[in-house]
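Bear in mind these aren't lab numbers, they're just calculated from the coordinates by the rules spelled out. What you see is a predicted model, and the numbers here were worked out from it, not measured in a lab. Virtual Cβ from ideal backbone geometry, glycine too; neighbours counted across all protein chains shown.
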Amino acid sequence: MYKWVRAMCVVLAFVLLVGTLSGCSQGTQGEPQGGEPPAPKDTLRVALTSEPPSLTTCDHDSLISVGLNLLTFNSLYKIDHASLLPVPDLAYEYSVENDTEWTFKLKEGVKFHNGDLFTAHDVVATIEYAKTVPGSTLYTGSIKSVEAIDDYTVKITTHKPYAGLLYDLGYHYNFILPKSLIEKGHDFNMEPIGTGPYKLVSWDYGNSLKYEAFEDYFDADHKAKIKNLEFVIIPEGASRAIALEAGEVDFVWEVSGADVARLNANPNVNVLEVDTVDNVTLFMNNDVKPFDDPNVRRAINYAINRQDIIDGALNGYGRVNYSVISQGFWGSTNKNAPEYNLDKAREYLNAWGGDPSTINLPILCSNETRVAIATIIQSNLAQLGIKVEVVPMDTATYFAKWTAGDYVGVIASWSPSNSLTYVQRFHSNRRNAYPGSLNSPEIDALVLQAEGTIDNDARLALIEEIVSEVNLLSPQISLYQSVWLRAHHKDLAGIVCSATGYTAYNDFYWKK
Amino acid sequence: MMKHLFRRRAEPEEGSMSLLQESWMRLLSNKGAVAGMVFLTILVLTAICADLIYDYETEVIMQDIPSRLQPPSLKGHLLGTDEYGRDLLARLVHGSRMSLVVSFSSVVLALAVGGTLGAMAGYFGGVIDNIIMRLTDVLLAIPMTLFAIVIVAALGANTTNLTLALGASSIPIFARVVRASVLTVRQAEYVEAARSIGAKHGTVILRHILPNCIGPIIVQFTLRIAQAIYNTAALSFLGMGVQPPAPEWGGLLASGRTYIRDYSYLSIIPGLAIMSTILALNLLGDGLRDALDPRLK
Amino acid sequence: MIRYMIKRLLAMIPVLIGITFLVFMIMQLAPGDPARLILGENASPEEVKELREQMGLEDPVLVQYFRYMVNLCKGDMGKSYITNRLVASEVAARFPYTLKLALVSAAVSILIAIPLGIIAAVKQNTIFDNTCMVLSLVGISMPAFWMALMLVLVFSLRLGWLPVQGANMGWRSYVLPSIAIGFMNMAAIARTTRSSMLETIRQDYVRTAKSKGISNASAILGHAFPNALIPTVTVVGVQLGGLIGGAVLTETVFAWPGLGRLIVQSVNARDVPMILGCMVVMSVSFSVINLVVDLLYGLLDPRVKSMYA
């Protein structure tokens, strides 16, 4: 009577045992046989690492959210994905008078998702609204006033000559929202209504987001080619790779380095390595002894083996960078950058003259990769006799400590979209300069000069000078530039991934 | 989740040497309990001698990137190396120390606080009992793992806070157990006698009542340690417990998880360690309960 | 019975107030300024201070708690610090996922475990009994999150039968998470059913029933089983409660879009309103489950019922 139960029990035990054993055995014998359903040609499914914190333009600084903002919104000038230079978007040209008055001519016949026609009044309403949002000053602070000259002409006046205006207009805080909805207090987080190539259809929290192509998109060249766009949230790297192999998704926005070899071996999948300007940096508190001494900072800079970090913490995917600025910008330079050299490191320690064993460098880390990086720095600096403490913490505490200057070392990434914004951070008295960052009157003067230089070549020379001077001071240590890995189904084409981390999904199309 | 194991039937009779000996003999006749005890003894010894077996700084913490992710082998690293080239066995051995220390101290903390509260509630009754029991009602209405997570979330993730959090979340259980035990012996003749000759409350509780409730407390203690090992691993797995580079079993599992597809030993082995320890404690706990409760079997 | 139910429901209120108070106070200990968290790295100190006032963070803690409770009664749990979304709607979106998973795994584990327990008891000391008991001992000792990883390793990564994570693949998505969550419960329920069956089988009335010539099977199912069910119900209750708390880990492993994962994410981001919201909902469900179990208890055991008649 109970035979079948007994049989079942034995089978269960057997399955568990065999399963565990097969789990133990190494090798690639068991490729998932998820089977590949024919790719639905009117849908693009993208795997994201985490849920976007917000879909609005004005209350976040998240890369994922900005990526999604780009689907539903446009700006007057946008940062081109390839050149990282500002190019026309909703405006088609501009002119500058008196170095502070910028007049933009706007494209006509542009529609918002709700049917409203885009005009200069929307620009005025958007920028005025953005200026009221706390935290937006970095992107709107230079703007003194905005006025609509007529329906398709808008004039922006800056406080003083400011070369970064076009870049600032390309930031998500200045993405154009319809005036009528701003006035109504519309919740753009639930319904991000803009002029962009896609419209949000639904958002299943923690799980997926669905978009649909916007038929009336103004830019015929960049109108969405795939009708349905779906984002699925898959936090685990291996899971994203498997989802792609099994045909559950068509594009993986962030591939984990550990999965690249396997994905490359799959004939249905292409892996893209995107060099980025995301510069992961070790910041040291320049106000804390002995890190106030450039000799100590330079010694540490010379002693950190970037390749160890890339191999050990990043599975080999990263680009060595020694300069304080990311390579790849218009104006980047490697001049005076300290490259890995232990002898030099010891020389600088001697120049400082203290006992290395008295140096203690606690490094705050906000995620696992950074813990891994800090752990490698720990063993690197042990060779100089410098003690490093790895201090992992949640993002909130990490920010609080960092912004309050309550840190000695902190690993953070720094990825502004242009070289001017980049060097502006070396100014000692900016809202985005933290306690303990560089404080040098000479550099401050140079930064001010660069900002006010509207002439491109002259500004470029100044930026290069700032970078090489800052390299000598080593207020912070660039560790590596991220290489972001994307992977997609082989039939997917038109893929453009920018060095700032964005992807133009509206340009994707299915081959055949 | 192991509460079902210790559905209380009856309290042990008053402790005497012979009864304790009898219990001990009964425990020894339980094969599972003996196996559990042997395993735990070896584990505790390993944890104590961890520094003699593997040097913490050079073998457990220090990275050796060139030899990362080497699979287990008899020649090189017995259990393989992790993503930073560190010997997995060395990290397991030192991890056992971490797991045991955190679990043990959290349960001791819970016993001390919860036991005192429970003894007071049971002994004095009335308003004190009411207040303490309503408090434990509240604590018991929060799932334990969640409560620990909230405490760690507020205080920050490190070993001390983890111990505090786990301890705090076990307090109500000890309060309940001790109170129940105290209630059953409070009316016993020898307690009445002690009180009638004018002994102080503290003395009565410590000298006369607690020793006679020791059975259920021992059983509960063993099982709570199993639970604490689980929760230590769980919180570290979520990144809310012991922080790297310090080794802890749950933490090892969490970092091994990234490599589960190609280097599955990194997630299999730490899990086995956690499981066998909990298993051993459960076996011992079951055995203790049977041994201390003569009316069974 | 109805009086008992009402009494128990009313008794939940102070407990819930206690929970919210406790969690609210604990979260006050959290370092880091919510206003700074919301505004991000680029905000100025003035902006931060202004937002603090706007959010009422400058008020005394008790005032803040009172305000929270008043809003909670209106169904308003505040806004997330991180996403700026309403906590109530986010929690409402996630809760069904947790509940569905809990129900599926509870149903499966009860349906498998109780028969196993009964059979093991009837066939005491046979190979079947021993196998079941060894497996269940292993089962209650196996951390659910490790079990989850092993299931993924075998059935998703090696064999490719089932999805690795997420809730997007219909019933297939439910298989591994519900086994991972349910296996420990199954083990626990089977063990208790077995031991309480063993106890009742030896009771006089079962023997009497048998001696009256009732078949073995109906003696067991008709007489012994209902009485043996009481401890089983307790364990089922405890285990169901555990599903709510245990969901935190399993949902993390399977990236399940439920409350468990939400609370872990919120803890990592120190999103206090979201943590509070999750805690309230999870603790309420936990209390409701306990209440239902107690009521079932009353139905099964006349002695309990008579206490409240």
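Within a straight-line Cα-Cα reach of under 26 Å, A:Lys401 can be paired with the following lysines, leaving aside sequence neighbours fewer than 8 residues apart in one chain: A:Lys289, A:Lys387, C:Lys49, C:Lys79. Both numbers refer to the Cα atoms of segment B:225-297; Rg and Dmax are 15.7, 52 Å. Put simply, the convex hull of the Cα atoms in segment A:246-394 casts, on average, a shadow of 11.2 nm². Assign one of three labels to segment A:104-174, namely rounded, prolate or oblate, based on the Cα gyration tensor with a ≥ b ≥ c the square roots of its eigenvalues; rounded applies when a/c is under 1.5, prolate when it is not and a/b is larger than b/c, and oblate otherwise. Here segment A:104-174 falls in the prolate category. Residues in segment B:266-275 carry Karplus couplings, in order, of 5, 9, 6, 5, x, x, 4, 4, 4, 4 Hz; the curve used is 6.51 cos²θ - 1.76 cosθ + 1.60 with θ = phi - 60°, and Gly or Pro positions show x. Taking only the C-alpha atoms of segment B:65-123, the Rg (one decimal) and the largest Cα-Cα distance, Dmax (whole number), read 20.2, 63 Å.
The charge dipole of chain A, taken about its Cα centre with unit charges on the Cβ atoms of Lys, Arg (+1), Asp and Glu (-1) only, comes to about 1200 debye. Of the trypsin sites (Lys or Arg not before Pro) found in segment A:397-491, those in coil by DSSP whose Cβ has at most 16 other Cβ atoms within 10 Å are A:Arg430, A:Arg431, A:Lys490. For the protein assembly as shown, the alpha-carbon coordinates run over 106, 69, 65 Å along the three principal axes, in decreasing order. Taking a ≥ b ≥ c as the square roots of the Cα gyration tensor eigenvalues, with a/c under 1.5 meaning rounded and otherwise prolate when a/b beats b/c, else oblate, which class fits segment C:2-73? Prolate shape, in that a/c is at least 1.5 and a/b is the bigger ratio. Over all other residues within a Cβ to Cβ distance under 15 Å of A:Val201, the charged ones net out to -2, with Lys and Arg as +1 and Asp and Glu as -1. Loop-located trypsin sites (Lys or Arg not before Pro) in segment C:1-93 (DSSP state other than H, G, I, E, B) with a sparse environment of at most 12 neighbouring Cβ atoms within 10 Å: C:Lys74. What separates the Cα centres of segment C:240-295 and segment B:231-297 is a distance of 22 Å.
Mean per-residue shielding of peptide C:268-278 is 4, counting Cβ atoms of other chains within 10 Å of each Cβ.
Note on A:Ser95 and A:Gln307: the model spin-label points, each 7 Å out from Cα along the C-beta direction, lie 5.7 nm apart. Here the 3J(HN,Hα) profile of segment A:161-168, calculated from phi with Karplus coefficients 6.51, -1.76 and 1.60 at θ = phi - 60°, is x, 9, 6, x, 4, 4, 5, 4 Hz, Gly and Pro shown as x. Each peptide in C:272-284, A:473-485 gets a packing score, the mean of other Cβ atoms within 10 Å over its residues, and the list from highest to lowest is C:272-284, A:473-485.
Taking 19 Å as the limit for the C-alpha separation, the pairs A:Lys111/A:Lys155; A:Lys210/A:Lys490; A:Lys199/A:Lys227 exceed it in the case of A:Lys111/A:Lys155; A:Lys210/A:Lys490. Averaging the Cα positions of each part gives two centres, and for segment B:158-185 and segment A:44-112 these lie 56 Å apart.
The base-10 log of I(q)/I(0) for segment B:88-296, evaluated at q = 0.16, 0.17 Å⁻¹, reads -1.02, -1.10 [Debye formula, identical scatterers on Cα atoms, solvent excluded]. The alpha-carbon of C:Lys74 sits under 27 angstrom from the alpha-carbons of these lysines, leaving out residues fewer than 8 places away in its chain: A:Lys184, C:Lys7, C:Lys100. How far is helix C:87-122 tilted off the main Cα axis of chain C, in degrees rounded to 10, range 0 to 90? So the helix axis and the longest Cα principal axis differ by about 20 degrees. Taking every residue in B:133-144 and counting other chain Cβ atoms within 10 Å of its Cβ, the average works out to 6. For segment A:405-446, the ratio of Cα radius of gyration to the globular rule of thumb 2.2 N^0.38 Å stands at 1.20. Relative to the dominant Cα principal axis of chain C, helix C:61-73 is inclined by about 60°.
Summary of the geometry: segment C:148-173 and segment A:156-202, compared by the centres of their Cα atoms, lie 41 Å apart.
Less than 5 angstrom separates the built amide H of A:Asp278 from those of A:Ser482, all sequence-distant by 5 or more or on a different chain.
Per-residue 3J(HN,Hα) values for segment A:127-133, derived from phi via the Karplus relation 6.51 cos²θ - 1.76 cosθ + 1.60 with θ = phi - 60°, read 5, 5, 5, 4, 5, 7, 7 Hz in sequence order (x marks Gly and Pro).
The angle between the Cα long axis of helix C:171-201 and the longest principal axis of the Cα atoms of chain C comes to about 40 degrees, rounded to the nearest 10. Rounded, prolate or oblate: pick one for segment C:94-308, where a ≥ b ≥ c are the square roots of the eigenvalues of its C-alpha gyration tensor, a/c under 1.5 means rounded, and failing that, prolate if a/b is larger than b/c, else oblate. Verdict is oblate for segment C:94-308. The three principal axes of the C-alpha atoms in segment A:183-286 carry coordinate ranges of 51, 48, 31 Å, sorted with the longest axis first.
The alpha carbons of chain A stretch over 94, 70, 38 Å along the principal axes, in descending order.
Secondary-structure-derived ellipticity at 222 nm for chain B, considering helices only, amounts to -22000 deg cm²/dmol, per-run term -39500 (n - 2.57) for DSSP H runs with n ≥ 4. Within straight-line reach of A:Lys160, meaning a Cα separation under 23 Å, sit the following lysines at least 8 residues removed in sequence or on another chain: A:Lys78, A:Lys105, A:Lys131, A:Lys144.
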